[in-house]
Structures are given as C-alpha cells and as structure tokens.
Amino acid sequence: MFGILSALGQEQGDLLARLVPSAPPRRIAQRDFHVGILDGMPCTLVQSRIGKVAAATTATLLIREFGVTHILFVGLAGGLAPALKVGDVVVATALIQHDLNAHPLFPKHEVPLLGRARFPTDTGLSALLAAHARQFLQDAAANLAARLSCTPSVHQGLVATGDQFIQSQATAQALQAELPDALCVEMEGAAVAQVCHEMDIPLAVLRVISDTAQDSAGMDFPAFLNGVAGVYANEIPTRVLRALAAKDMANAGEGKA
C-alpha cells in the first residue's frame, strides 16, 4: 500500500480524480484519507497541510491507520542551489531540518536522541522516481517549454525543511552558507523522513522548483502552484506506480510458473 501525500491539494494534481475508490473516504484528525487503486497499485491519498507538525501527523496516520508500506511525498519547493531553475525536479536523497537547533545539548540540526541530522530516502524507490521524472521531462518537453522559460532537468540531493516560507535573498543566502549542499527548501519533507526512519517505512520525496526562495517567491509560488504543479503530479507518480504494478504482476506470474 502506497501513501501519497502533499501539503496542498493542487500539488497532487488530478490523482484523486483518477483514484478508483475501494472504500469511502475516512476523516481522521481533520484530514480526508482516500483509499483505492491508482494505476494498478493500492494507494491512500491525503493532503497533509503545511508545516512539519502537520506532515508528521499525517505520515503517522498513514502508517498506523492505513497500513501503508511505502510513502511518496509530492510537492513544490524553493530553489537554493544556483544551478536550479523554476520547473526543475529535485528527488531527495536525504532531508534535514534547517531550523532545528538544540545546541548546546545536541549539535545543530541533529534530532535529539536519534543521533542524526540527515534522514536518507529509500535508494531504490528514489532512483525509480528520478528515472521516471527524467523520462517525463523528455516526453513533455514541448508542453513544458510553452509554460516555462527554460528546459527543466532532474537533480538529486539534500532537501532542507523548516517551518518558514523562504522569500528573501538574505535568508536564502544564509541557508546556502550553512547547508551548501542543500538543493532546495520546503516545509514538510524532513518531518516525514523522521517518521519513516523511526517506523522503518521506505520514503521517496519529489519536489518541483516553483521559485528561487528569494524576494519574488511569494508571487511566483501561487502562480506555479495553480498553473504548472499538477502537470508534474499527474504524470511522474503515476509512471512510478505503473512500473511497480507491472513489476508486481511479472513477479506474480513467475511465482505461478
């Protein structure tokens, strides 16, 4: 069972409309959980809302109440690395809470009592996600060119999370100086990664760059959210699910042979 979550409904595009329900929606903790089949795979879709606490709560409910065995987070992010452009895709290899600081009891960024600051994503699932993201960008090049002013590409690396919408050049530059290998910044991923780490659940995180986390971010984000985000969300996760469903069918066929 896959759990697919996003902070905002627009970040999941039309996935909910494509889900074939297997049960009525369940409302738990002011969240609506939708269970069904999406592109051949059992899935639960949910909107987490914004921020680390909301995301951690939602991820925990997905695991404990719905028995999901894998989690995919899909959403937007602000670019930090100079090479990133609006429309680029970031597939996280690890996530960190940039605003966590329990110093001097623990090193800055380290989660108390866990002995780590960075939480890796699942290697195999992330590789599959990156491969299908690259194929999507190639297949949709003409369509995306009409919406964006550049040719988007896929990046893999560190994603920084904090309870702050970064929209100033000074703040973005300070984050870059503190975490020079961080590709982008968002508000949920590392919290979900910590939950998945503690509960031993494979996680993959897909972030699409909506802005460059600087002075125009507040204006860029809503436009990108409503105009482009769904294009990515509709295609990349479903390509991954179709590939996994086909693999499961092939394995089942081999088991019967």
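Read-outs throughout are calculated quantities, based only on the coordinates presented, and are distinct from any laboratory measurement. In this text the structure is predicted, and so the values were computed from the model without any measurement. Note: ideal-geometry Cβ built from the backbone for every residue, glycine included; neighbour counts use all protein chains shown.
Brief remarks on what is shown
- Residue ranges 93-104, 182-193 sort as 182-193, 93-104 when ordered by packing (mean number of other C-beta atoms within 10 Å per residue, highest first).
- Computing Cα extents along the principal axes in Å directly from the structure and comparing it against [x] 58, 48, 36; [y] 58, 44, 32; [z] 70, 45, 35 singles out [x].
- Within the chain, helix-based [θ] at 222 nm, where runs of 4 or more DSSP H residues each add -39,500 (n - 2.57), nearest 500: -12500 deg cm²/dmol
- Segment Ala142-Asp163, extension gain: residue separation times 0.36 nm, minus the distance between their alpha carbons: 4.0 nm
- Difference of contour (0.36 nm per residue) and Cα-Cα distance, Leu114 to Lys247: 44.4 nm
- Scattering curve values for region 8-139, log₁₀ I(q)/I(0), Debye with Cα scatterers, q = 0.17, 0.21 Å⁻¹: -1.16, -1.49
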